[in-house]
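Report on the structure given below.
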Amino acid sequence: MDFDQCAVENMSFNDLSIGIIFSFIISFVYAGLGLFLLITDNVFSLSGFQKSGFGLILIAYGIFRLYRTLKQKKENDFEEDE
């Protein structure tokens, strides 16, 4: 067994995985884009109602993704503790 294999076997995966980090980033991107739509003037060719509705939907979806990611992280941490 060479040094690289030994290092990989002794690594603990207590840190966040790439998938969890990516999910965190994407959830904040959705919420940020929704907030951007609510705050800015008419950047896209949307009416006020469409802009507000789409912005609120994006914020809600970003919050939902964040909740789901935190739940998945909690389950992964619980499985590692066992």
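Phi angles across segment 52-61 convert, under the Karplus curve 6.51 cos²θ - 1.76 cosθ + 1.60 with θ = phi - 60°, into 3J(HN,Hα) values of 5, x, 5, x, 5, 5, 5, 5, 4, 5 Hz, Gly and Pro given as x.
Neighbour counting of Cβ atoms within 10 Å sorts the residues Lys73, Lys51, fewest neighbours leading, into Lys73, Lys51. Here the Karplus curve 6.51 cos²θ - 1.76 cosθ + 1.60, taken at θ = phi - 60°, turns the phi angles of segment 69-75 into couplings of 5, 5, 5, 5, 5, 5, 5 Hz, with x standing for Gly and Pro. By other beta-carbon atoms within 10 Å, ranking Asp77, Asp41 with the fewest at the front produces Asp41, Asp77.
Each other residue within a Cβ distance under 13 Å of Arg65 adds +1 if Lys or Arg and -1 if Asp or Glu, for a net charge of +3.
When only Cα pairs below 8 angstrom with a gap of at least 6 residues are kept, segment 24-76 shows a relative contact order of 50 percent.
With θ taken as phi - 60° and the Karplus curve 6.51 cos²θ - 1.76 cosθ + 1.60 applied, the whole-hertz 3J(HN,Hα) list for segment 36-50 is 4, 5, 6, 7, 6, 5, 6, 6, 9, 7, 10, 6, x, 5, 5 Hz, x standing for glycine and proline.
Read-outs throughout are calculated quantities, based only on the coordinates presented, and are distinct from any laboratory measurement. Worth saying up front: this structure is predicted, and the values here are computed from it rather than measured. Glycine also receives a Cβ, built like all others from the backbone with ideal geometry; neighbour counts cover every protein chain displayed.
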